[in-house]
Structure formats: C-alpha cells, structure tokens
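The values are calculated or read from the model by the stated rules, or taken from the named source; none is laboratory data. All values derive from a computational prediction rather than experimental measurement. Here Cβ is always computed from backbone atoms with ideal geometry, including for glycine, and neighbour counts include all displayed protein chains. Note: accessible area is taken over every heavy atom of the protein model, side chains too, but ligands, DNA and RNA are not part of it. Shrake-Rupley method; radii C 1.70, N 1.55, O 1.52, S 1.80 Å.
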Amino acid sequence: KTTFTNHYVGAMQHPSNRIDLAQVKQHQDETLQSYLRCFFDKKATIIDILEQDVIDCFQNGLYDHHMF
C-alpha cells in the first residue's frame, strides 16, 4: 500500500492555493496578455481565495509594477 501510494502521489492533482498563485510571475519579455492568461488559469484552480489576495498576487507578479 505504501509503495503504491508513494509511486502515484506525485501524479495526483491537488487544489491550488494563494501560495501557488503568488508564484505566477511575469517574465521580462512576456506580454501582459500572456501573463494574464497564466495568472487567471492558475486562479481558476483555487477553490477559495479572498479578492484582496488575488489583487495582491497579481500586482506582485507584474514585471513592471508601474503598469498596475
């Protein structure tokens, strides 16, 4: 049982959380549209998150903070 669980546990999908969303960062050469797509794709996997947390994660993930 343990061997089976250890082998397949990495393949299981788990709901994302605020920490996962905060790790979505815009790269220097990435367009805003591409960043938005990645950010909201990740946000869609989160079951429960505060609106303020979404805004904070989005702003902190921008390469150019003045764009916000």
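Select one label from (i) 27, 14, 7; (ii) 30, 14, 9; (iii) 21, 14, 8: the one whose number is semi-axes √(5λ) of the Cα gyration tensor in Å as derived from the coordinates shown.
The calculated read-out lines up with (ii).
Expressed as an acute angle from 0 to 90° and rounded to the nearest 10, what is the orientation of the C-alpha long axis of helix 51-61 relative to the principal long axis of the chain?
Compared with the principal axis, the helix lies near 80 degrees.
Residue separation times 0.36 nm, minus the C-alpha to C-alpha distance between HIS27 and GLN52: what's the value?
Working: separation 25, 0.36 × 25 = 9.00 nm, distance 2.28 nm.
Net length gain for the segment: 6.7 nm.
Determine how large the accessible area of ASP41 is when every protein chain is in place; take a 1.4 Å probe and give Å² rounded to the nearest 10.
Using a 1.4 Å probe on the heavy atoms, I get roughly 100 Å².
Among 55-63, 13-21, how do they line up from the highest to the lowest mean number of other beta-carbon atoms within 10 Å?
Top of the packing list down: 55-63, 13-21.
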